[in-house]
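> This is the structure I want to talk about, given as structure tokens.
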Amino acid sequence: MNINKSVALFSRAQQSIPGGVNSPVRAFKSVGGTPLFMQKAKGAYLYDADGNQYIDYIASWGPMILGHAHDEVIKAIQQQTFHSTSYGAPTELEIEMAELIISMCPNVDLIRMVSSGTEACMSALRVARGYTGKNKFIKFEGCYHGHADAFLVKAGSGLATFNIQTVPGVTAGVANDTLTCAYNDLEAVKKLIADNKNEIAAIILEPVAGNMGCILPKEGFVEGLRTICDEENIVLIFDEVMTGFRLSVGGAQQTLNVDADLVTYGKVIGGGLPVGAFGGKRKIMECVAPLGNVYQAGTLSGNPIAMIAGYTTLNILKNNPNIYQELADKTTYLKDGLHKVLSEVGVDYVINQFGSMISIHFSKQPVTDFATAAAANNQLFNKYFHAMLQRGIYLPPSAFESWFLNNALTKEDLDKTINATKESLEEVL
Ligand code: HOZ
């Protein structure tokens, strides 16, 4: 495969951008090789600068659930641009967006739009602290809630990919208020709470984790957290940046049937433009300025172009909930096919799937938390990644990321992926 243009672009990019990329995992540093520079995408396919086509399993890390350059979304964006790209003043479109989200998501009485999932999680934590008057919070090892200082402790995604244990620049004062324990370990949560009685403002989690590969909550885990939070006056925050509008119209809250107090959104909510949001129960969200004193603001929050892209995408999903069944069916088809070829090849593996999130860990033991994800044969994953890329399949360039399916994928694409997996593993094992 000719990737000469990507090689040249990567070399040029490194002169002006740290590591040549604007988000670390994109650099392919852990899998090795040259990151591919994209030129365009349509439906389920990415096209790099050299014109190579790839079947896309990252969907821009989640947002492109309908496939790339969806006609309706593109048209809506184009029309909106004629009115202005930003006002810094309120618009009716923001109300429509808020009303649409509230109609789709449980426990969202009030919602504030921001520009990224990082901002959403950072703000939700501040609100939980302001509401409860407490400082500490619990997060789970391997969960990633964006790059605000407080969350960069035992975080997944790029930090796990590059094995970054402590982040220079995050002060001990900030990190000391971040308490961590293993995902799916309810007893460890109880112990942390007992050891920090009346000091914990919030528990935040990815209700289905996607930043250490895809990791499913064990039965009773999320429900148990809900009970604990009720008993201890702790705000339960669901980070639905990945799961929101992806697992179902109402996200993980609806799919798992567990209520959160605050919820954060990103990715799908922006239809491919930079949008995040945090929302939740009225009594908590009333703390947010200008209603309350928990300050949060943004010049490009509620940006009209971003709003119309998100609004159009969410509306399509709300009016066509069959999309979720189609996505789940496609992902199950892929999983079944992968099971077949992986067992034929004879490698130790685990496939975790929830709806349209899926990942492979080359592991003998079940992968249920960060420790088991990290113990898998991730060197083999890296080789598998490159062999798949050679065959035109674009997977996340890290074993610590979930794959995201988009609804433009066809059965032919899935079959090609299954066959490529067999060939790839036979090549690299
Ligand atoms: N680490 C991000 C996903 N968990 C990737 C963001 C990006 O590179 O776009």
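The values are calculated or read from the model by the stated rules, or taken from the named source; none is laboratory data. Computed from a predicted structure; not experimentally measured. Cβ: placed from backbone, ideal geometry, glycine included. Neighbour counts: every protein chain shown. For accessibility, only protein heavy atoms count, side chains too; no ligands or nucleic acids. Shrake-Rupley method; radii C 1.70, N 1.55, O 1.52, S 1.80 Å.
> Sorting THR171, THR178 by accessible area (1.4 Å probe), largest first, what list results?
The residues order as THR171, THR178, largest area first.
> Just want the answer: with Cβ charges of +1 for Lys and Arg and -1 for Asp and Glu, which residue in ALA202, GLN14, THR227 is farthest toward the dipole's positive end in the chain?
GLN14
> Filter the chymotrypsin sites (Phe, Trp or Tyr not before Pro) in region 5-100 down to the DSSP loop ones having no more than 13 other Cβ atoms within 10 Å, then list what survives.
Details: sites: PHE10, PHE28, PHE37, TYR45, TYR47, TYR54, TYR57, TRP61, PHE82, TYR87; in loops: PHE28, PHE37, TYR57, PHE82, TYR87.
Sparse-neighbourhood loop chymotrypsin sites (Phe, Trp or Tyr not before Pro): PHE82, TYR87.
> Relative to the present Cα-Cα distance, how much length would full extension add between GLN14 and LYS283 at 0.36 nm per residue of separation?
Details: separation 269, 0.36 × 269 = 96.84 nm, distance 4.78 nm.
Length gained, GLN14 through LYS283: 92.1 nm.
> Could you pull out the pairs from LYS267/LYS318; LYS75/LYS318; LYS42/LYS267; LYS364/LYS422; LYS197/LYS218 whose alpha carbons sit more than 21 Å apart here? Could you put the intermediate results ahead of the total?
Working: LYS267/LYS318 16 Å; LYS75/LYS318 19 Å; LYS42/LYS267 18 Å; LYS364/LYS422 18 Å; LYS197/LYS218 26 Å.
Result: LYS197/LYS218 exceed 21 Å.
> Along the Cα-to-C-beta direction of LEU100, a point sits 7 Å from the Cα; which residues of region 293-312 have their amide N less than 17 Å from that point?
301-312
> Now a separate question. Set the Förster distance to 22 Å, then compute FRET efficiency between GLN78 and LYS40 from the Cβ-Cβ distance, nearest 0.05. Mind dumping the intermediate values first?
Numbers: r = 16 Å, r/R0 = 0.73.
My answer for the efficiency is 0.85.
> Give the separation of the Cα centroids, region 400-429 to region 12-67, in Å.
Each part's Cα centre sits 17 Å from the other's.
> Taking each pair of distinct Cα atoms in the chain once, what is the resulting Kirkwood hydrodynamic radius in Å? Working shown, then result.
Numbers: mean 1/r = 0.0454 Å⁻¹.
So the Kirkwood estimate lands at 22.0 Å.
> As a test of the formula, what do you get for the chain when each DSSP H run with n ≥ 4 contributes -39,500 (n - 2.57) and the sum is divided by the residue count, at 222 nm and rounded to the nearest 500 deg cm²/dmol?
Numbers: 15 runs with 170 residues, N = 429.
Taken over the chain, the calculation gives -12000 deg cm²/dmol.
> With every protein chain kept in the model, how would you rank LYS281, LYS42 by accessible area, 1.4 Å probe, largest at the top?
Putting LYS281, LYS42 in descending order of accessible area: LYS42, LYS281.
> Give me the accessible area per residue for region 6-104, probe 1.4 Å, as a whole number in Å². Could you put the intermediate results ahead of the total?
Details: 5280 Å² over 99 residues.
With all protein chains present, region 6-104 gives 53 Å² per residue.
> What's the carbon and sulfur percent of the chain's accessible surface, probe 1.4 angstrom, rounded to a whole number?
Numbers: 8870 of 17620 Å².
Carbon with sulfur: 50 percent of the solvent-accessible area.
> Using the basic label-point model (7 angstrom from Cα toward the beta carbon), what is the THR166 to ASN198 distance in nanometres?
Rounded to a tenth, the inter-label distance reads 3.2 nm.
> Can you grab the distance from the C-alpha centre of region 248-297 to the C-alpha centre of region 178-207, Å, no decimals?
Here the two parts' Cα centres lie 21 Å apart.
> If you take every residue apart from PHE151 with its C-beta less than 14 Å away from the C-beta of PHE151, what net charge results, scoring Lys and Arg +1 and Asp and Glu -1? Present the calculation step by step, with values, prior to reporting the outcome.
On the way: positive: ARG126, ARG129, LYS136, LYS139, LYS154; negative: GLU119, GLU141, ASP149, ASP177, GLU206, ASP239.
So the environment of PHE151 carries a net charge of -1.
> A follow-up question, please. Using the Cα centre as the reference, give the magnitude of the dipole from point charges on the C-beta atoms of region 1-135 (Lys, Arg: +1; Asp, Glu: -1; all else neutral), rounded to the nearest 20 debye.
On the way: 11 positive and 11 negative charges, 141 e Å.
Charge dipole, region 1-135, about its Cα centre: 680 debye, nearest 20.
> Could you run the Karplus curve 6.51 cos²θ - 1.76 cosθ + 1.60 with θ = phi - 60° over region 41-47 and give me ³J(HN,Hα) per residue in whole Hz, x for Gly and Pro?
8, 8, x, 8, 10, 9, 10
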